[in-house]
Amino acid sequence: MYKGGRIIAGLLLFACLALMPFLINIGKAAAKPSPQVNTPFIQQLTTQTCVESAAFMKTEHMQLLNQWRDAALRDGKTVYVNSQGQSFPISLENSCLKCHSNPQQFCNTCHTYAAVKPYCWDCHNQGGTRQ
Amino acid sequence: MKILYPLLGVLALVLLAYAGVAGAHLNVLFGIVVPYLAFLLFLVGFMVRVITWGRSPVPFRIPTTCGQQKSLPWIKQNRLENPSSALGVVGRMALEVLLFRSLFRNLKTEKRGDRLAYGSAKWLWLGGLVFHWSFLIIVLRHLRLFMEPVPVLIMQLANLDSFLQIGVPLFYITDGLILAALTYLFLRRVLVPQIRYISLQADYFPLFLFLGIAASGVLMRYVWKVDIVAVKALTMSLVTLRPEVPLAIGAIFYIHLFLVSAVFAYFPLSKLMHMGGVFLSPTRNMINNSRSVRHLNPWNYPVQVHTYEAYEAEFRAKMKKAGLPLETE
């Protein structure tokens, strides 16, 4: 090879970069996040369901929260009627956080895992329900 | 046909992934086996091709007339375009790889009336630059699915990319840019007659593949959302070499993953190898020192020569007899 040393060195660098995700995870076990839903309030509920189904909430909760924000702050609408016809007050701190009073163990586990930084807490208090 | 077949090819890949997962439930095949195989093909194929290229000898410097070469002390040298030092070559390569310097020289030739006119043509350079940089940022952003904990730099990159705070999930600027750039690069091949004439299936196919990947990724993020935690559980299980049977993830994810796998597998066979090839550009990666250093052809074989001195010594007597002039008596 002509100038083989440099080409091989470049290829090794390329291989290291391409294999980086594998290399930095050597010996690590992939731990999945386990969001905690057993807060005292949820344990007292007879039917432990969120405002919508779990599958819906998993993929669409950010959209729903955005709609709630627009409804409450821009349109003055404070009641959400879900797909089952049940009504809930539109409020992050008085609806969501009433049950999920443990955002550190609930919201943050998945958000940290997926490197998502929601800007809810720019305004809202993560501590729990507002008095 | 040159456009239709590549398009049908990409659509077939999409349908294959969809049928394989939604119809036949081959989640293990499309989630574990195909990505591993594609990555292996990419890595090995890439190395083999670069080593094959590296075996071609490049004994001489190829000076190009992009700038004044090193000459007399009172003539100013262009150190970046015509480097005479290794550092200058590094600078020229950086300009080429990071900013596509050669493409910036792109010219447009036109007949204006009876005259031939040359003008600057920067749109291809801009479209190419936007596409490649968006692609790089998107690839780096995806590292969040392969690392736990996610490095701060990757998170900051994603924050910067989404700082417009449009919609939820936040809109990434590079998502829009890459789709716009790919659309431009495609339309350019279709609408400019000369470029349409020289475009091949191998030009359209990667374009459609990347359009498919970008479109499926955007759809997955903003429209048909998937459980991102399940996605990361799968990707992490892949890179920790403990592949797990994937949890229920929407079919759009498998379409996205299968198209990415297709790019990985296709990469070493295609023009996409310019990723490695650009570093081997002989007019860019060598110091222009042809006038100061003598470069010998390394495969010159020893030639048997019969010098005049030896010739004269051999035939001296006969030459003297014939009255021929001799250099040494």
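The values are calculated or read from the model by the stated rules, or taken from the named source; none is laboratory data. Predicted model only: the values in this text are computed from it and were never measured. Glycine gets a Cβ as well: all are built from the backbone with ideal geometry, and neighbour counts include every protein chain shown.
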| query | Hey, any hits in region B:142-153 for a residue that's of a type outside the set (Val, Ile, Thr), within 12 Å of another protein chain (Cβ to nearest Cβ), under 16 Å from A:PRO118 (Cβ atoms) and in contact with a Leu (Cβ under 7 Å, 6 or more places away or on another chain)? | reply | no
| remark: Among residues of region B:196-227 being assigned to a helix (DSSP H, G or I) and of a type in the set (Val, Ile, Thr), the residue farthest from B:THR183 (Cα to Cα) is B:ILE198
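Residues are listed down the side, and each one gets a yes or a no for (1) within 18 Å of the chain's Cα centre (by Cα); (2) within 25 Å of A:MET1 (Cβ to Cβ):
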residue	(1), (2)
B:LEU29	no, no
B:GLY45	yes, yes
B:ILE51	yes, yes
B:THR64	no, yes
B:LEU72	no, no
B:ASN78	no, no
B:LEU95	yes, no
B:GLU110	no, no
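Results for (1) in a helix (DSSP H, G or I); (2) among the aliphatic types (A, V, I, L, M); (3) closer than 29 Å to B:ARG189 by Cβ, shown as yes or no for each residue.
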position	(1), (2), (3)
B:VAL10	yes, yes, yes
B:VAL21	yes, yes, no
B:PHE42	yes, no, yes
B:CYS66	no, no, yes
| said: If I filter region B:280-294 for residues that are outside any helix (DSSP H, G or I), at pLDDT 90 or above and farther than 25 Å from A:ILE7 by Cα, do I get at least one hit? | reply: no
| field | Counted residues, region B:196-227 - those being within 14 Å of chain A (Cβ to nearest Cβ) and touching a Ser or Thr at 6+ places or on another chain (Cβ under 8 Å) | value | 3
| task | Working carefully through the options B:ILE249, B:ILE255, find the one that is in contact with an Asp or Glu (Cβ under 7 Å, 6 or more places away or on another chain), within 20 Å of B:LEU26 (Cα to Cα) and either within 13 Å of chain A (Cβ to nearest Cβ) or part of a helix (DSSP H, G or I) (or both). | result | B:ILE249
| note | Residues in region A:96-117 that are charged (D, E, K, R) and either within 14 Å of chain B (Cβ to nearest Cβ) or farther than 15 Å from A:PHE41 by Cβ (or both) total 1
| task | Just give me the residues in region A:35-50 being part of a loop (DSSP other than H, G, I, E, B) and within 22 Å of the chain's Cα centre (by Cα), in sequence order. | result | A:PRO35, A:GLN36, A:VAL37, A:ASN38, A:THR39, A:GLN48, A:THR49, A:CYS50
| Can you name the condition, by its number, that B:VAL89 falls short on among (1) touching a residue at least 60 places away in the same chain (Cβ under 8 Å); (2) within 12 Å of chain A (Cβ to nearest Cβ); (3) under 19 Å from B:MET275 (Cβ atoms)? | (3)
| query | B:LEU16: more than 27 Å from the chain's Cα centre (by Cα) and part of a helix (DSSP H, G or I), yes or no? | reply | yes
| What do you reckon, is A:ALA31 surrounded by 14 or more Cβ atoms within 10 Å (Cβ to Cβ), facing another protein chain (nearest Cβ under 9 Å) and small (Gly, Ala, Ser)? | no
| Are any of the residues in region A:79-95 exposed (fewer than 13 other Cβ atoms within 10 Å of the Cβ), away from chain B (no Cβ under 14 Å) and either in contact with a Leu (Cβ under 6 Å, 6 or more places away or on another chain) or acidic (Asp, Glu) (or both)? | no
| said: Just to check your reading of the model, which residue among B:GLN156, B:GLN165 is within 12 Å of chain A (Cβ to nearest Cβ), surrounded by fewer than 19 Cβ atoms within 10 Å (Cβ to Cβ) and either touching a Pro at 6+ places or on another chain (Cβ under 8 Å) or not in a helix (DSSP H, G or I) (or both)? | reply: B:GLN165
